[in-house]
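The values are calculated or read from the model by the stated rules, or taken from the named source; none is laboratory data. Owing to the predicted nature of the structure, the values given are computational and were not obtained by experimental measurement. For neighbour counting, all protein chains shown are included, and Cβ atoms are generated from backbone atoms with ideal geometry for every residue, glycine included.
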Amino acid sequence: MELAAEDYDRALRAHSRQLPAVAEGDLVSVGIRWRLRNVRRFDIADNPTETP
């Protein structure tokens, strides 16, 4: 996934706290992998039981 620097920092903090995240964008095939580009939404739950 390609994120802006601000969202990347948020993603790192969420990962370290094991918080769920939701992202919306354009899913494109790059070789044998998939990438989410043009991310339009990136949300992180405040706690593990909450859905973003």
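Only one of the listed residues (Ala11, Ala23) is part of a helix (DSSP H, G or I) and modelled with pLDDT of 90 or more. That residue is Ala11.
Can you pull out every residue in the stretch 7-43 that is acidic (Asp, Glu), exposed (fewer than 14 other Cβ atoms within 10 Å of the Cβ) and in contact with a strand residue (DSSP E or B) (Cβ under 6 Å, 6 or more places away or on another chain)? Spell out how you get there, then give the answer.
So in the stretch 7-43, the residues acidic (Asp, Glu) come out as 7, 9, 24, 26, 43.
Keeping just the survivors that are exposed (fewer than 14 other Cβ atoms within 10 Å of the Cβ) gives 9, 24, 26.
Selection gives Glu24, Asp26.
When the stretch 26-52 is filtered for residues that are among the small types (Gly, Ala, Ser), assigned to a strand (DSSP E or B) and either on the phi > 0 side of the Ramachandran plot or modelled with pLDDT under 90 (or both), nothing remains.
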